[in-house]
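One structure below.
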Amino acid sequence: MTGRRNTHTSIKQENKMNIPDRQVIERTLSNTATPEEARAALRWFATPEGRACLSVMMDEDVDRMLADPQAQQVDHPVPTNRMYAHIRRQIHRRRLRRTLLRVAAVLIPVALLAGQFIYFGSRVDLFGRAAYEEIRVPRGERMQVVFQDGSRAILNADSRIRYPRKFAFAERRVELEGEAWFEIAPAGNRPFRIGTGALDVDVRGTAFNVRAYPDDAEIFVTLETGKVSLTAAARTLASLAPGEQAVFNKKTGVCSIFKPEDITGRPAWTDRRLVFDAAPLADVMATLARCYDVDFAVADSASLRYACTLTTSAKKPLAYVLAELEKITPVRFREAGERRMEVFLNQ
């Protein structure tokens, strides 16, 4: 009785530390506890204190069985052989139960750890074997992608992004061709990396724009908030602060940092606005080709010498935008087939 009282007192003291009470533990062992009570008891059995208490309770069961006073009160002849065999069976059962409970005390932490491993593995690619998804945005369209970690990207026209269904344990990596605006959700020490082929962009909880069309000679990375670092050929090139823009020349490998005056929020194209600031006509036509799904044929290469400054809406018809360009340059446009425009100088 002393051992039982001391154990009961010990359990009451542990209750002060949010340990399940004796009744919850007993209901768990007898398989009559509620799911919430069973989970609390199993979590405690996974601790050294829980395993010690479980062992004491098993010893108490054996002591009560051997000290049962009713076993000594018999009013008829005792069948010695049958009683002996019965006692052996009871002792065998108690030993088996005691062994199973001790095995359970060892396996419970393993089961809990395995459960956490399976749950974590369902959300994170632990071994880098996750399948990939690819999204292509045709010319004339835009699209938003939300990743499984809460990060999102708005893809500009004529862009492609490739990403795993589940991000890897060590990093979150996507591959981009074209232009996208990213808003990255923080994820501890797991960086978010955008690979563009020639340049990698590493970020943590940041909003920024990447323009990396395969046909363009340069890659542009413009940072609104947070911090990004740029690497190429395993070499760190630069780190950007908010309001800065990096221009990476794919041919020379030179990375230049600028601080434009008009970096305020998301880029204009995400709101279907067209903003050209002293932009070469070749760049203007490339942007219009992606935005309106049209091709330009340059009849006179001299027209490419001009630059344009214009702000308009991509929601307006292409004819309206081309008319605006004709007002500020000597360049003229005319239809040369389905979705094809010819460019020449006004003579």
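The values are calculated or read from the model by the stated rules, or taken from the named source; none is laboratory data. All values reported here derive from a predicted model rather than from experimental measurement. Note that we place each Cβ from the backbone using ideal geometry, even for glycine, and neighbour counts take in every protein chain shown. All accessible areas refer to the heavy atoms of the entire protein, side chains included, with ligands and DNA or RNA removed. Shrake-Rupley method; radii C 1.70, N 1.55, O 1.52, S 1.80 Å.
Which residue out of A282, A278 is closer than 30 Å to A232 by Cα, surrounded by 12 or more Cβ atoms within 10 Å (Cβ to Cβ), within 46 Å of the chain's Cα centre (by Cα) and at pLDDT below 95?
Checking each option against the conditions leaves just A282.
For R273, the stated conditions do not hold, so it cannot be described as among the charged types (D, E, K, R), modelled with pLDDT under 95, farther than 23 Å from A180 by Cβ and surrounded by fewer than 16 Cβ atoms within 10 Å (Cβ to Cβ). Name every residue in segment 219-245 that is crowded, with 19+ Cβ neighbours inside 10 Å and farther than 18 Å from A268 by Cα, in order of residue number. The answer is V228, L230, L240. Tallying residues that are closer than 26 Å to T231 by Cβ and part of a helix (DSSP H, G or I) within segment 242-268 yields 0.
Taking only segment 300-338 into account, find how many residues are in a strand (DSSP E or B) and under 19 Å from D158 (Cα atoms).
Qualifying residue count for the region: 1.
Which ones in segment 140-190 are touching a helix residue (DSSP H, G or I) at 6+ places or on another chain (Cβ under 9 Å), within 21 Å of Y213 (Cα to Cα) and of a type in the set (F, W, Y)? Across segment 140-190, the qualifying residue is only W181. Of R64, R27, all but one fail to be modelled with pLDDT of 75 or more, in a helix (DSSP H, G or I) and either of a type outside the set (V, I, T) or surrounded by fewer than 18 Cβ atoms within 10 Å (Cβ to Cβ) (or both); the exception is R27. For segment 147-198, residues that are hydrophobic (A, V, I, L, M, F, W, C) and in a loop (DSSP other than H, G, I, E, B) total 9.
Hey, among A297, A278, A238, which residue is in contact (Cβ under 8 Å) with a residue 12 or more places away in the chain, closer than 19 Å to F344 by Cβ and in a strand (DSSP E or B)?
On the way: A278 fails: closer than 19 Å to F344 by Cβ; A238 fails: closer than 19 Å to F344 by Cβ.
Result of the check over A297, A278, A238: A297.
Checked against (1) touching a strand residue (DSSP E or B) at 6+ places or on another chain (Cβ under 8 Å); (2) open to solvent by 40 Å² or more (accessible area, probe 1.4 Å), T252 meets all criteria but (1).
Each residue in segment 305-347 was checked for being surrounded by 12 or more Cβ atoms within 10 Å (Cβ to Cβ), more than 27 Å from T270 (Cα to Cα) and of a type outside the set (K, R), and 7 of them qualify. For segment 292-300, state whether one or more residues are β-branched (V, I, T), more than 38 Å from the chain's Cα centre (by Cα) and open to solvent by less than 60 Å² (accessible area, probe 1.4 Å). Looking for residues that are β-branched (V, I, T), more than 38 Å from the chain's Cα centre (by Cα) and open to solvent by less than 60 Å² (accessible area, probe 1.4 Å), one finds none in segment 292-300, hence no.
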